[in-house]
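J.: I have a structure here, written as structure tokens, and I will follow up with some questions on it.
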Amino acid sequence: MEAGKPVKAAILCLMSFSVGAAPPPGALLYTEAPQYDPQAALGGGDRFPGGAVVKVLSGGTSRLLAPTLAVSADAALSPNATTVLIAAKEKAGQPWQIWEVPLAGGAPRQVTFGAEDSIRPFYAAEGKFVYARKTARGFGLEIAPLGGGSALRLTYLPGNFLPDAILRDGRVLFEAATPAAVRDLYTVYADGSGVETRRCDHGPDRHSAAELGSGDEIFQTGTGLARFTSARAGQLEVALPKGQYLGPVAEADSGEWLAAYRAGGADAYWICRFPQRAAAQPVKVAGPNAYQPVPVRARAAVPYHPSGLGDRVGANLLCLNAYVSKTERVPTGSVAEVRVWSMNGRGEAVALGKAPVEADGSFYVQTPSESPLRFELLDRAGKSVAAEKGWFWARKGEQRVCVGCHAGPERAPENVAPLVLLHTQKPVVMNKPTE
Amino acid sequence: MPFEVGGTRTRACRVETRLDAYGSPVNSALANACHPKGHERRVGTRRGTHECARHVILGLFAAALLGFAGDSIPPPAAPAYPSPIEIAVSADGSRLYAVCEGTGEVVEMDANAGTVARRVRVGQHPKSVTLSANGTQLYVANSWSDTVSVVDAASFKVVKELATGYEPNAAVADAQGRFLYVANRMSNDISVIDLARGVETKRLLAGRGAAYLELSADGQRIYCTHIYPQPGPFRSPNESEVTVIDTRRQMVVEREKLENAAGVFHVATANGGRVAIAAEIRPKNLIPLAHVEHGWVIGNSLAVFGADIGGVVQVPIDELDRYYTPPFGLAVTPGNRQLFVSTTGSDSVTAIDLPKLLAYIRAANPDQRRLMANDLSASANYVSARIPVGRAPKGLALSPDGKRLYVANRNDDTISVIDTAAHRVTRTIELGHAVAPTPERRGERLFFSARFAFHGHFGCANCHIEGTIDGLNWDLEPDGFGVDIVENRLLEDIADTGPFKWNGSNPDLETECGPRTEKYFYRAQSYSKEELADIVSFVKSIPLRPNRYRRKDGELTAQQERGKAIFERARNKNGAPIDDTNQCLGCHSGPHYTSQQLADVGTGKPTDRSPLVDVPQLNNVVLNGPYLHDGSARTLEEIWTVFNPNDRHGVTNDLSKDELNDLIEYLKTL
């Protein structure tokens, strides 16, 4: 198992403190900051250059969630609504680390340690949490036990990856900005397998996503909002008042949306409530300079992912039909081989080898795991017919099948035994690139 | 040393008699399954034979104890749950009739008051209820009794029992009320019964698992669907059919092919019979089951065909991240505005805007029509609502004005009443017999539910249709891609047949249904410890259905006797001894005809990691096709005519064709 930065066991604070009552229904967690650039981390910068604090709004008054910490942001509430994960700095100038704080008040407990920034925590299943940790290759996703133990990396590409939510299906919804691809939303299982784009359309700059009670995902695109629904392959525009929205949206108990909003460029951002009616006006809830709303309420625990990673070398990847694509028209019969690419330590693309593509478009390869991968289709003369632009990865022992090259999540497979498996059950082996 | 099992043994079996998983008393054929009368068993050293003897001894001991206590003390009866599976509405809309397969009855309800009015007992495991054209009679197909009960709607009494083929699943009368058509699920045919004379006059060949019938609005056609796919070449796409009968000529006039469909359930017609719609599942069994998302396991679909369509077009009802499975019951509102589909595992009814659906299909070119079945975003164009109802919704029926939809919720014994305009449940009718669910009943609910699989994609009952099979072989991922293809096996009476899985790697049902299912099928957090115990309890309680090939008196026919002699022979036709391990009884012995060991019978394929396979039980083996561990034999015959060239799966190459037929006729009786 790939181990990331160790997370030290928690040190219980023995100092006595008074514990207040849990906030009533309707309470809200939010971040107050003079300046907020939610995407700065994707460029390696600080999202809160002027500092920030997480506050609890309850009964019309706000209090600091963690008064002993100098800087705090990124509140994530536990499913039972008793504790909060935050990214925080004990003193200004220190790196961001993940802390856990009782919602009712009490001493914070540091759960990550290190010289690098760790931000954007979310409660995951089985007593674990997901967060982003800064490395030499950018922010990467990790999952670790809250009680201490080894962290597992979930992302294996150069670039910046930030978690946006743990979906009700247990997958991690994250946003990624990589050198090769437009900023977009992706999902990955809690063991780092099954990474895929949320919609295979290389859509318009999506980020700051959240899951709604309906299961829809709402996210920022440009300065507006849009959403994915289970029924549609494309994104749906969200009709809200004109203005600027910043950071993730949350859903209140009433079904109304909460978002950091300002009507004009000179105004301060307030967390506003948006009745879901076309002509409804936003109602100020917290602010000014308030962001990252998190309604206080208990919710269903996240289900765990029963990892199916096998005890195998590398990963086995099967393509059912390379001719299936919703964006590129690859003439039937034109593809003879697939070339598999990876990346060396210097970030340069390296060809790992080639495998035959059957007449039905199927091919079967064993690739290195935990490495960048992409496919390129070649004709009989070895000329490129189509090539992936973005990279993906597979975990050790992962076995995955795709319908085609760029088929999209809306395309279910046809029930045909792929020719390649009728000819052989052994994948063409691609070895790890040498440096 | 053979021993004869007689009355004492029957008595011993009786002390173990109980209500089966469906609430019906286990019938005598089942009670005798250990040693059917006239069957001799050798006492040997094999585990199965010992098991058999142990059962007899324990039975005698128990019988003796009962003798002390007095024969009048009956065994504690398990509660029976109505389990309504289909529903019909009287022509004036005032009466509802729910057929309850758990209690073997039809329940009459007052549609306006929402109360139960009367009950009438029918046969075992009734599966359907329909009304005669004039509304005076109800026809109830009794699947285990091989009869149709005719119930007088006025007196609410059974007035006639009509004999059918094996396992009648549905019955529908023609428009004139002269003939009744009955789909026989096990004999794969359709009985045509003269209602005046009460006798079957014709038998029409259907496909495998003939199941549901629909009379077209003009009365000229009857459509028949099938819950199992047709047997086809190994690893080839599945195919089912809708058998179309001309009611005037009483002939099959068309067989609409449903590509890649396996389980096909109800069929409905619209637009004056110019459109027909069948609820179907399109399994993805030929590709490795490596994950679940993106419709990887099953496509929950509708097959739309007829004069207004031209060809068969298959459309999904699923979405990208949510599945509605399996589509079962159908109802079309008057005026053809709405189509309702019950989705049993999802505890919901899907409402479809029928004109939008038809317009969507008509607007598509042939290529688009072909691809539609696998487009998970298509349903957004025609699905108008998903309506939550009770547990395991099955049959649907509309009030005559189309304003109310009645839904039979099999697993919580209720009828949901839906306002078809508002798309919400306005009333729930309880069918009574409310008792706390037993572990078996709780397990049954879990068995039908799709909520545990990733995105609610499927449940146990999707592949083990009503505890049986799907007639398919699957490429399961943990063994590798394209290797260890496995056939799906019957779940009836399997409690004592472990180990499980074709390679015998699961020692018990807890392993089979627990971690294995969660990791390699559902791919999502599934059963709690308590739920797992419940589902195992249910699976263990699934009874063996009556064997239709065994005579009621337990005696074998002459042909079956000859086959039995072959099954039990120790020498080939030349008189040479057959090695103990290569005699049929060498592996297929004991009450379930399995040694519960692994054996290499030469049927391994290059794609198998090991030639050793778990010796399967043979009870009701006739139902379990395709055969062999990977489903490569389409029929029992092919096991030996195609896959036993070297006599490693028993010595059979010395047999004549007739002798092989004798053997097979005997196997059908097991």
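Each value in this text was obtained by applying a stated rule to the coordinates, not by laboratory testing. The structure presented is a predicted model; accordingly, all values stated were derived computationally and were not measured. Here the Cβ is made from the backbone with ideal geometry for all residues, glycine too, and neighbour counts use every protein chain on show.
J.: For the protein assembly as shown, what size does the Cα cloud have along each of its three principal axes, sorted from largest down, in whole Å?
T.: 94, 70, 70
J.: In nm, to one decimal, how far is the modelled label at B:D246 from the one at B:E530, with both set 7 Å along Cα→Cβ?
T.: Roughly 6.1 nm, to one decimal.
J.: While we're looking at this one, here's another question. If you filter region A:223-323 for trypsin sites (Lys or Arg not before Pro), then keep DSSP loop positions with at most 10 other Cβ within 10 Å, what is left?
T.: Passing sites in region A:223-323 are A:K242, A:R277.
J.: What number of lysine-lysine pairs in region A:315-429 show an alpha-carbon separation below 22 angstrom, given a sequence spacing of 8 or more or placement on distinct chains?
T.: Lysine pairs satisfying the spacing and distance rule in region A:315-429 number 7.
J.: Would you calculate the separation in nanometres between label points at B:V642 and B:D401, each defined as 7 Å from the Cα along the Cα-to-beta-carbon direction?
T.: Spacing of the two 7 Å Cα→Cβ label points: 5.7 nm.
J.: So what does log10 I(q)/I(0) come out to for region A:28-295 at q = 0.09, 0.10 Å⁻¹, using the Debye formula with one equal point on every Cα and no solvent?
T.: Summing over Cα pairs of region A:28-295 leads to -0.37, -0.46.
J.: Which of A:I98, A:W270, A:L173 sits closest to the plus end of the dipole of region A:28-295, meaning its Cα is farthest towards the positive end, when Lys and Arg get +1 and Asp and Glu get -1 on the C-beta?
T.: Of the options given, the answer is A:W270.
J.: Can I ask one more? Could you give the dipole magnitude of the protein assembly as shown about its Cα centre, charging the beta-carbon of Lys and Arg +1 and that of Asp and Glu -1, in debye to the nearest 20?
T.: 1060
J.: Calculate the mean, over all residues of peptide B:291-297, of how many other protein chain Cβ atoms lie within 10 angstrom of the residue's Cβ.
T.: Shielding by partners across B:291-297 averages 6.
J.: Using DSSP loop states and a limit of at most 15 other Cβ atoms within 10 Å to flag GluC sites (Glu not before Pro), what is the longest stretch of chain B containing no flagged site?
T.: For GluC sites (Glu not before Pro) (loop position, at most 15 other Cβ atoms within 10 Å), the longest site-free span of chain B is B:41-554.
J.: May I ask you to derive the FRET efficiency for B:E659 and B:N134 from their Cβ-Cβ distance with R0 = 60 Å, giving the value to the nearest 0.05?
T.: The computed FRET efficiency comes out at 0.65.
J.: Right, here's the next one. Averaged across A:399-411, how many Cβ atoms of other chains sit within 10 Å of each residue's Cβ atom?
T.: Across the residues of A:399-411, the mean count of other-chain Cβ atoms within 10 Å is 5.
J.: Okay, moving on. Could you compute the FRET efficiency for A:A40 and B:R337, with r as their C-beta to C-beta distance and R0 at 60 Å, rounded to 0.05?
T.: 0.65
J.: Something else: Go through B:L195, B:G123, B:V182 and say which Cα lies farthest out towards the positive end of the charge dipole of region B:69-214; charges sit on Cβ, +1 for Lys and Arg, -1 for Asp and Glu.
T.: Going by the charge dipole, the pick is B:L195.
J.: Moving to a separate point now. Projected onto the charge dipole of chain A (+1 at Lys/Arg Cβ, -1 at Asp/Glu Cβ, origin at the Cα centre), which of A:C200, A:G213, A:V338 gives the Cα projection farthest towards the positive end?
T.: Final value for the positive-end residue is A:G213.
J.: Per residue of A:224-232, what is the mean number of Cβ atoms on other protein chains within 10 angstrom of that residue's Cβ?
T.: 4
J.: Quick one: the Cα spread of chain B along its three principal axes, in angstroms, biggest first?
T.: Result, largest extent first: 73, 60, 54 Å.
J.: Given contacts defined as C-alpha pairs under 8 Å and at least six residues apart, what's the relative contact order of chain A, whole-number percent?
T.: The normalised contact order for chain A reaches 12 percent.
J.: Taking Cα centroids, how far is region B:211-243 from region A:315-346 in Å?
T.: The two parts, judged by their Cα centres, are 38 Å apart.
J.: Suppose each label sits 7 Å from its Cα in the direction of the beta carbon; what would the B:R427-A:L422 distance come out to in nanometres?
T.: Distance between the two pseudo-spin positions: 5.7 nm.
J.: Turning to a different aspect of this structure: Using the Cβ atoms and a cut-off under 15 Å, what net charge is assigned to the surroundings of B:V151, where Lys and Arg are +1 and Asp and Glu are -1?
T.: +2
J.: Here is a follow-up. Region B:601-670 to region A:256-295: how many Å between their Cα centroids?
T.: 70
J.: Fully extended, how many nm does the chain gain between A:Q281 and A:A107 (0.36 nm per residue separation, minus their Cα-Cα distance)?
T.: Contour length minus the Cα-Cα distance gives 58.7 nm.
J.: Follow-up question, since we're still on this one. Given the options A:A52, A:A359, A:A190, which has the most mean-square fluctuation in a GNM of chain A, springs set between C-alpha atoms less than 10 angstrom apart?
T.: Checking each option, the largest mean-square fluctuation is seen for A:A359.
J.: Also, quick follow-up: Could you pull out the chymotrypsin sites (Phe, Trp or Tyr not before Pro) across region A:78-125 that fall in loop regions by DSSP (anything but H, G, I, E, B) with no more than 15 other Cβ atoms inside 10 Å?
T.: For chymotrypsin sites (Phe, Trp or Tyr not before Pro) across region A:78-125 that sit outside H, G, I, E and B with at most 15 neighbouring Cβ atoms in 10 Å, the list reads A:F113.
J.: Counting Lys and Arg as +1 and Asp and Glu as -1, what is the net charge of the other residues whose Cβ lies under 13 Å from the Cβ of A:A300?
T.: +2
J.: While we're on this one: Calculate, in nm to one decimal, what B:R255 and B:L205 gain on full extension: separation in residues at 0.36 nm each, minus their alpha carbon distance.
T.: Computed gain between B:R255 and B:L205 is 16.9 nm.
J.: Region B:436-533: which trypsin sites (Lys or Arg not before Pro) are DSSP loop and have at most 11 other beta-carbon atoms within 10 angstrom?
T.: none
J.: A further question follows. Could you give the dipole magnitude of region B:409-501 about its Cα centre, charging the beta-carbon of Lys and Arg +1 and that of Asp and Glu -1, in debye to the nearest 20?
T.: For region B:409-501, the charge dipole is close to 560 debye.
J.: Would you mind pulling out the separation of the Cα centroids of region B:430-463 and region B:357-391, in Å?
T.: If you average the Cα positions of each part, the centres end up 27 Å apart.
J.: Then there's this: Between B:N365 and A:R346, how high is the FRET efficiency from 1/(1 + (r/R0)^6) when r is the Cβ-Cβ distance and R₀ = 56 Å? Nearest 0.05.
T.: FRET efficiency, B:N365 to A:R346: 0.70.
J.: Moving on. Which of the lysines could a cross-linker span from B:K127 if the Cα-Cα distance has to be under 19 Å and same-chain partners fewer than 8 positions apart are dropped?
T.: B:K157, B:K160, B:K394
J.: Counting Lys and Arg as +1 and Asp and Glu as -1, what is the net charge of the other residues whose Cβ lies under 15 Å from the Cβ of B:L431?
T.: Neighbour charge sum, excluding B:L431 itself: +1.
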